[in-house]
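See structure below.
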Amino acid sequence: MSSHNLSGQTAVITGSSGVVGQALCRAFRESGAGVIGLSRGIEGNAVETKHYAVDLTDPSATRNTFERIDKEHPPVDILINNAGINRPALAAAMTMEDWDAVLSLNLKSALLCIQQVVRKMMSRRRGAILNISSLAAGHPLAGQPVYAASKGGLESLTRCAALELASKNIRVNAIAPGFLDSPMLHSLDEAARAKLLKQIPLARWGSPAEVADCALFLASERAAYITGQVFHVDGGAGM
């Protein structure tokens, strides 16, 4: 059971079908929050989480989905922009299709979701927005130019939004996970995993649950004096 009490609050979590998204949904449910997941998958109820299927790169679809959320649920207190994809390729070989796809989901969708919740947060003078960035924003690997660019942009958006919304008591922060124990990591061969592991001072992989624990803290009143920051959950790899 979470030590952070978010009872009575409503959290919207994008990218809810992925491993980090599932961990976030689970942790916020256990904290007492009402959780609404957004992903491209089929909408419905799953393990006490209401899911809506939506293409978050589409402004009209995003707006329509948040209008449904406003009608069917209490006001949104917490927004977590977790939706993201990666299209690995060397910069010289990157297609514009892949470039646009990654920037649209990783960066544009975050702005679209912020725009949909922020006015009501401003009127209530409360809210917490979290953007899930990546170690790659400051420490990119070869073959990840667009992923690194999208996450770097997301961190800049975090700081700008934090400045703009602070006077309304809305906090905006980011979490930058490092190498997590996930299907993406498991897809690498043993030699590649061993090379990555050497870059982590704590000498182990992180877990999606540890990212969710950081998110719980930042969404809670325990972080009431924190905004515009990027928290690295990476075992020291970003040092």
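The values are calculated or read from the model by the stated rules, or taken from the named source; none is laboratory data. Just so we're clear, the structure is a prediction, and the values are computed from it rather than from any experiment. So basically every Cβ, Gly included, is an ideal-geometry build from the backbone, and we count neighbours across all protein chains shown. Accessible surface is based on the protein model in full, side chains and every heavy atom, while ligands, DNA and RNA are left aside. Shrake-Rupley method; radii C 1.70, N 1.55, O 1.52, S 1.80 Å.
Give the percent of DSSP beta bridges with both residues in segment 8-64 that are antiparallel, rounded to the nearest 5.
Details: 3 of 12 bridges.
Around 25 percent of the beta bridges assigned by DSSP in segment 8-64 are antiparallel ones.
Determine how many Å³ per residue the convex hull of the Cα atoms of segment 30-172 encloses.
124 Å³
Ignoring ligands, DNA and RNA, please state the percent of accessible area on segment 56-140 from carbon and sulfur, probe 1.4 Å. Provide the component values of the computation, followed by the final result.
On the way: 2230 of 4110 Å².
Carbon with sulfur: 54 percent of the solvent-accessible area.
Sticking with the crude label model, points 7 Å out along Cα→Cβ, report the distance from ARG40 to ALA203 in nm, one decimal please.
4.0 nm
Convert each backbone phi in segment 106-122 into a coupling constant with the Karplus relation 6.51 cos²θ - 1.76 cosθ + 1.60 (shift: θ = phi - 60°), then list the ³J(HN,Hα) values in order as whole Hz, x for Gly and Pro.
For segment 106-122, the Karplus-derived couplings read 6, 10, 4, 5, 4, 5, 4, 5, 4, 4, 6, 9, 6, 5, 6, 4, 5 Hz, x marking Gly and Pro.
What Kirkwood Rh does segment 88-174 have if only Cα atoms enter the pairwise 1/r average? Answer in Å. Present the calculation step by step, with values, prior to reporting the outcome.
Values: mean 1/r = 0.0726 Å⁻¹.
By the Kirkwood definition, the hydrodynamic radius is 13.8 Å.
Suppose a student asked you for the relative contact order of the chain, using Cα pairs under 8 Å spaced at least 6 residues apart; what percent would you report?
Values: 461 pairs, mean separation 45.7, N = 239.
Reported as a whole number, the value is 19 percent.
When the Cα centres of segment 52-91 and segment 112-160 are compared, how far apart do they sit, in Å?
Spelled out, the Cα-based centre of one part sits 13 Å from the other.
If you look for lysine pairs in the chain that are eight or more places apart or on different chains, how many of them have Cα atoms under 21 Å apart?
Qualifying lysine pairs in the chain: 6.
Write down the accessible area per residue of the chain in Å², having rolled a 1.4 Å probe over the full set of protein chains.
Working: 11620 Å² over 239 residues.
Accessible area per residue, the chain: 49 Å².
For segment 199-239, just say rounded, prolate or oblate: build the C-alpha gyration tensor, square-root its eigenvalues into a ≥ b ≥ c, call rounded for a/c under 1.5, and beyond that prolate if a/b exceeds b/c, oblate if not. Each step should come with its number before you reach the end.
Details: a/c = 3.82, a/b = 1.83, b/c = 2.09.
Verdict is oblate for segment 199-239.
Quick check: from the Cα gyration tensor, does segment 161-239 come out rounded (a/c under 1.5), prolate or oblate? Kindly include the intermediate steps, with their values, before the conclusion.
Working: a/c = 3.00, a/b = 2.72, b/c = 1.10.
Prolate, because a/c is 1.5 or more and a/b exceeds b/c.
Taking the DSSP beta bridges in the chain as the whole, what percent of them are antiparallel, to the nearest 5? The partial results should precede the final answer.
Working: 3 of 30 bridges.
Roughly 10 percent of the beta bridges in the chain run antiparallel, per DSSP.
Any chance you could give the angle, 0 to 90 degrees and rounded to 10, that helix 59-72 forms with the longest Cα principal axis of the chain?
Taking Cα atoms only, the helix is inclined about 50 degrees.
If each of ILE226 and LYS71 carries a label point 7 Å out from its Cα toward its Cβ, how far apart are those two points in nm?
If labels sit at ILE226 and LYS71, their model points lie 3.8 nm apart.
Working out 0.36 nm times the residue gap between ARG124 and MET239, then minus their Cα-Cα distance, what length gain in nm do you get to one decimal?
Working: separation 115, 0.36 × 115 = 41.40 nm, distance 3.83 nm.
My answer for the length gained is 37.6 nm.
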